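The next block holds one structure in the form of C-alpha cells; read it before the comments.
All of the numbers you see were taken from the coordinates with simple rules; none came from a lab. This structure is a prediction, so every number in the text was calculated from the model and none was measured. Because the Cβ atoms are built from the backbone with ideal geometry, glycine has one as well, and the counts that use them run over all protein chains shown.
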Amino acid sequence: MEVNVKLEITAEEFFDAIGEALVYDIQQATGKHVRAKNIKRGMSYTKKANKRQSYQVTITEYDYPKCYSSRIDSSGGSNMMSYTVEPLEDGIGVSYREELIKSNGKSGDSGFSGLFAKTAGVRRTKKRLLDIQTYVRNKRVEAEKAASEDGDDKHGEAADN
C-alpha cells in the first residue's frame, strides 16, 4: 500500500511529531526514557500486544527530516512501513508505504480481503497523516499564544517599573 498526501506543515514539524510518537512508544514498551534526537537506525524494542503475543520493532532508517522506516516482526510475519518527506513550495509531500509479508513468505495484500484491507488502510492512513497536521498546527497556535503572553508580561513589568 502507498499513500501520498500534501500537508501544510514543515518537514521538521512532521518529524518532530513522529519523533514524539516514537519516544512515547519506546517508553511505553520498555520503560526507558529516550530523547527524539537519539533515535537512530538499528534501534529496536519489543512491544507486548497482549499477555501471549509480542512483536519486535526495528528502526531500519531514520534520516531527520526526510525519511523514517521500520520493520515490525511478529509470529504472523513482518510489516515494513516508511514515511518519506519531500519539501514543496507551500508545505510537504508525505509518501507512506506499508508492506505486509506473512510468515509463509506471501504478501498480505493479495485476494479480495487484501483489497478491502488496502482500501480501509488507505483511508485510515490519510486520516492519520491529516491528524498529524492538525496536531502540529495546534502546537503552533499554543506556542504563539505562549510567546505573545510572555511579551505581554514583559510590557506589563516595564510599565510597572
**Report entry** ³J(HN,Hα), Karplus 6.51/-1.76/1.60, whole Hz, each residue of segment 16-23, x for Gly, Pro
**Finding:** 4, 5, 4, x, 4, 5, 5, 4
Query raised in the report: Mind listing the phi-derived Karplus ³J(HN,Hα) values for segment 78-85, rounded to whole Hz, using 6.51, -1.76 and 1.60 with θ = phi - 60°, and x for any glycine or proline?
Result: 10, 10, 9, 9, 8, 10, 10, 10
Query raised in the report: What 222 nm value per residue comes from the helices of the chain, counting each DSSP H run with n ≥ 4 as -39,500 (n - 2.57) and dividing by all residues, nearest 500 deg cm²/dmol?
Result: -16000 deg cm²/dmol
Query raised in the report: Top mean-square fluctuation among ARG140, ARG52, ARG35, Gaussian network model of the chain, C-alpha springs under 10 Å?
Result: ARG52
**Report entry** Computed Kirkwood radius, in angstrom, where 1/r is averaged over Cα pairs of the chain
**Finding:** 18.0
**Report entry** Separation of the ASP131 and ARG52 label points, Cα + 7 Å toward Cβ, nm
**Finding:** 2.8
Query raised in the report: Amide H to amide H, which residues 5 or more places from ILE9 or on other chains are under 5 Å from it, using H placed in the peptide plane?
Result: ILE92
**Report entry** Positive-end extreme of charge dipole, the chain - chosen from TYR24, ILE59, GLY91 (charges on Cβ)
**Finding:** ILE59
Report summary line: Among segment 31-62, those whose backbone N falls under 12 Å of a label point 7 Å along Cα→Cβ from TYR24 are none
Query raised in the report: Of LYS51/LYS127; LYS40/LYS139; LYS32/LYS126; LYS37/LYS66, which pairs sit farther than 23 Å apart, going by alpha carbon to alpha carbon?
Result: LYS51/LYS127; LYS40/LYS139; LYS32/LYS126
Report task. Specify whether the C-alpha gyration tensor of segment 24-108 places it in the rounded, prolate or oblate class, a ≥ b ≥ c being the square roots of the eigenvalues: rounded for a/c under 1.5, otherwise prolate if a/b is larger than b/c and oblate if not. Result -> oblate
Query - Peptide ranges 43-49, 77-83 listed from the most packed, as the mean C-beta count within 10 angstrom indicates - result: 77-83, 43-49
